[in-house]
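The values are calculated or read from the model by the stated rules, or taken from the named source; none is laboratory data. Keep in mind that this is a model prediction, so the values were computed, not measured. Every residue, glycine as well, gets a Cβ built from its backbone with ideal geometry; the counts of neighbours run over all protein chains shown. Each accessible area value is taken on the protein alone, full model and side chains, heavy atoms only, with ligands, DNA and RNA left out. Shrake-Rupley method; radii C 1.70, N 1.55, O 1.52, S 1.80 Å.
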Amino acid sequence: MTAHHAHNLQTAHQSGESTQNPRQAQEAAGWHKDHLSGSRPDIRVPVRRVHLTDGTDVILYDTSGPYTDPTQDTDVRSGLAPSRTNWIISRGDTEEYPGRALQPEDDGVKHTTPRGAVVRARPRSGEAETPVATGLDEVFPGRPRRPRRARRGAAVSQLAYARRGEITPEMEYVALREHRDPEFVREEIAAGRAVLPANVNHPETEPMIIGRNFLVKVNANIGNSAVVSSVEEEVEKMTWATRWGADTVMDLSTGRDIHTTREWVLRNSPVPIGTVPLYQALEKVDGRAEKLSWEVYRDTVIEQCEQGVDYMTVHAGVLLRHVPLTARRKTGIVSRGGSIMAAWCLAHHRESFLYTHFEELCGILRSYDVTFSLGDGLRPGSIADANDEAQFAELRTLGELTAVAKAHDVQTMVEGPGHVPMHKIKENVELQQEICEDAPFYTLGPLTTDIAPAYDHITSGIGAAMIGWWGTAMLCYVTPKEHLGLPNRDDVKTGVITYKIAAHAADLAKGHPGAREWDDALSDARFEFRWEDQFNLALDPDTARGFHDATLPAEPAKTAHFCSMCGPKFCSMKISRDITERFGGEEGASAEEIEAGMLEKSREFAAGGNRVYLPLAD
Ligand SMILES: C[C@H]1O[C@@H](n2cnc3c(N)ncnc32)[C@H](O)[C@@H]1O
Ligand SMILES: Cc1ncc(COP(=O)(O)O)c(N)n1
Ligand code: SF4
Ligand SMILES: [Zn+2]
């Protein structure tokens, strides 16, 4: 059996109820969860192994975590196994400590909640069959865990290790995952061209890397809002997003139970989790931006570091002097974090506390190995505002802050726009790479036009593919609900699939090793009418199969040399295959044989009345 290595994929899985056990269900779906082994038994990199009917296998990148591993029990109430704990402990540079006491305002409530206590009713009855348990708005019941942090302010970041020449198990893991050399991974991290977000308090995470010389990654945003809120729905969005291929998830909750939601998400997430601590800090001061302070913000950052957040968006590039630059924009400041910081700066007429306390913030992040995602608080929110002075003034500040963060051994990536027409996209990457010393770029889309609300996954997917091609390391998805409302589980899947397409298209254009093989495997299956293989190799097998079967559901159609698009007589691939089989396929067909075949065909054509198109039989 040969194995092609097509990277960069997700795991599709069977949706809907099934009476089969997970392994049977996988085998029936033509794939199974497999692992690549490293230099030691505890390095096991998950892959999705697709079995083709021609006897070959295709191995695909897998972000879905233990949920698709039939050999593992997953129960959201106990959380995922902390598989990285031994790696963290054996480095000997962190220690457990009691941690910050949970405060009632962490969840936006006014009464005190002791750690570990159940504050709400048990799950609603009768829903045991649903994939995600209900009643998750209680304190996470898993075994209480004391947080870890660096001993005596040591730098415990992957950047610090890489600079010291150390290849950590996390680096070896991502090297296997990306089919790269571990030393190459170390060099990219040491140079600041890649980040490996992995908080010491998120041992459940499966290491992944973000950098322009690796596969282009996709982030999915989830989280509640003041209008729509349920812990279980957010946990389900996280598992659903990773099942379809999200490489990281940001919990952007701004509603109730922010701390609790994040705890459930973190304990059950196989991918790095990002947040914007400013959102929770604002909740703690009742949504009044002017009441924010460095103290409230710092306390929130520590709370989230202890929980295990892997990367944090920090809008420290929004300076007092930048705010007037947005005055004549068409859509002002569209970033939440940006608008909050602009409001604070104007209310106090002082420089942003994020900027003035930035070095102290670096000290905190590096003792947990939390990665900075320097936020683009002044990104353009309309085509008219793209690449304006406010946006680029902020970018220059982000360049300055990138250097400061890296000097403190803090891993750093930089966020980018927003709404940008196609002809103005390339300049964004070039400037960011130049100004920010090649730090990974992490962009929201960009949306290439403003005219299609309800289709902004597409307006932005176009920009995402382009910006990924130019060198953006991670694409933040946009769902069909952008500008209209909070995305639900279906929107999350649509957003992830759209962005997996953009990311893979970029990998192909960049000539990323292995990217092509996935396309080639699918094209072969298509040309050979191996319909099952075509479905199983698809980014979204369920939908592909469903579309095919909508018109030709019968079993024989699974080997038929046509589909309902053209029908049997007009199937160009059938006609073309017949030609190849007849004349081109067999080696050794001599020039005379080919000539004779042509003559025969031309006689047939003439006998049929020289008609290019034949009438259908009925
Ligand atoms: C910065 C981007 O984050 C997205 N965003 C903000 N909050 C949420 C949420 N709760 N869920 C999903 N996406 C969100 C929006 O798309 C915004 O444009
Ligand atoms: C790629 C990306 N994702 C999330 C945010 C945070 O959102 P906001 O800036 O609106 O607070 C951002 N700035 N950029
Ligand atoms: S998405 Fe809705 S709530 Fe958010 S900035 Fe736009 S209009 Fe306001
Ligand atoms: Zn927008």
Packing-based order for 363-376, 40-53, using average beta carbon neighbours within 10 Å, highest first: 363-376, 40-53
Computed over the chain, Cα set: Rg, Dmax in Å: 26.4, 91
15 Å beta-carbon shell around Tyr477, net charge (K/R +1, D/E -1): -1
Percent antiparallel among DSSP beta bridges (both partners in the chain, rounded to 5): 40
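Report, as a whole number in µm² per second, the diffusion coefficient that Stokes-Einstein gives for segment 252-357 at 25 °C and 0.890 mPa s using the Kirkwood radius over alpha carbon pairs. Let's see the in-between values first.
Numbers: Rh = 14.5 Å.
Here the translational diffusion coefficient equals 169 µm²/s.
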Surrounding net charge for Asp181, when Lys and Arg each add one and Asp and Glu each subtract one, Cβ distance under 12 Å: -3
Between helix 294-307 and the chain: long-axis angle, C-alpha atoms, 0 to 90°, nearest 10: 50
Cα gyration tensor, segment 217-511 - rounded (a/c under 1.5), prolate or oblate: rounded
Label-point gap, in nm, between Arg516 and Thr331 - each point 7 angstrom along Cα→Cβ: 3.8
Label-point separation, Trp294 to Glu430 (7 Å along Cα→Cβ), nm: 3.9
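With a 1.4 Å probe and every protein chain kept in, tell me what percent of the accessible surface of the chain is carbon plus sulfur.
54
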DSSP bridge pairs, segment 217-511: antiparallel proportion in percent, nearest 5: 0
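Work out, step by step, the length gained on full extension between Asp54 and Arg396: first 0.36 nm times the residue separation, then minus their alpha carbon distance; give nm to one decimal.
Difference between extended and current length: 117.7 nm.
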Amide proton proximity set for Ser373, modelled H, under 5 Å, gap of 5+: Met312, Thr313, Val314, Met413
Too-long pairs where the Cα-Cα distance tops 26 Å, listed order kept, from Lys217/Lys481; Lys406/Lys493; Lys217/Lys558: Lys406/Lys493; Lys217/Lys558
Calculated FRET efficiency for the pair Thr551/His348, C-beta based, R₀ 56 Å, to 0.05: 0.30
Degrees, to the nearest 10: 389-407 long Cα axis against longest axis of the chain: 80
In order through segment 430-446: 3J(HN,Hα) via Karplus (6.51 cos²θ - 1.76 cosθ + 1.60), integer Hz, x for Gly, Pro: 4, 5, 4, 5, 6, 6, 9, 6, 6, 4, x, 9, 9, 10, 8, x, x
3J(HN,Hα) from dihedral phi, segment 45-59, Karplus parametrisation 6.51/-1.76/1.60, rounded to Hz, x for glycine, proline: 9, x, 9, 9, 9, 8, 8, 9, 6, 8, x, 9, 10, 10, 9
³J(HN,Hα), Karplus 6.51/-1.76/1.60, whole Hz, each residue of segment 367-381, x for Gly, Pro: 7, 10, 6, 8, 8, 6, 10, 5, x, 9, x, 10, 4, x, x
Residues Arg77 and Asp286, FRET efficiency given R0 of 22 Å [Cβ-Cβ distance, rounded to 0.05]: 0.10
Packing-based ranking, highest mean first, of 498-509, 73-84 given that Cβ atoms within 10 Å are counted: 498-509, 73-84
Angle in degrees between helix 515-527 and the longest Cα principal axis of the chain, rounded to the nearest 10: 30
Value at 222 nm in deg cm²/dmol, rounded to 500, when DSSP H runs of n ≥ 4 in the chain each add -39,500 (n - 2.57): -11500 deg cm²/dmol
Estimated distance in nm for a label pair at Leu508 and Met573, the labels positioned 7 Å out from Cα along Cα-to-Cβ: 1.4
Amide H partners (placed H, <5 Å) of Leu447, local residues excluded: Gly418, His419, Val420
Cα shape, segment 566-611, gyration tensor, a/c 1.5 rule: oblate
5 angstrom amide H check on Ala452, placed H, neighbours 5+ away: none
Whole-angstrom gap from segment 480-531 to segment 44-73, using each part's C-alpha centre: 17
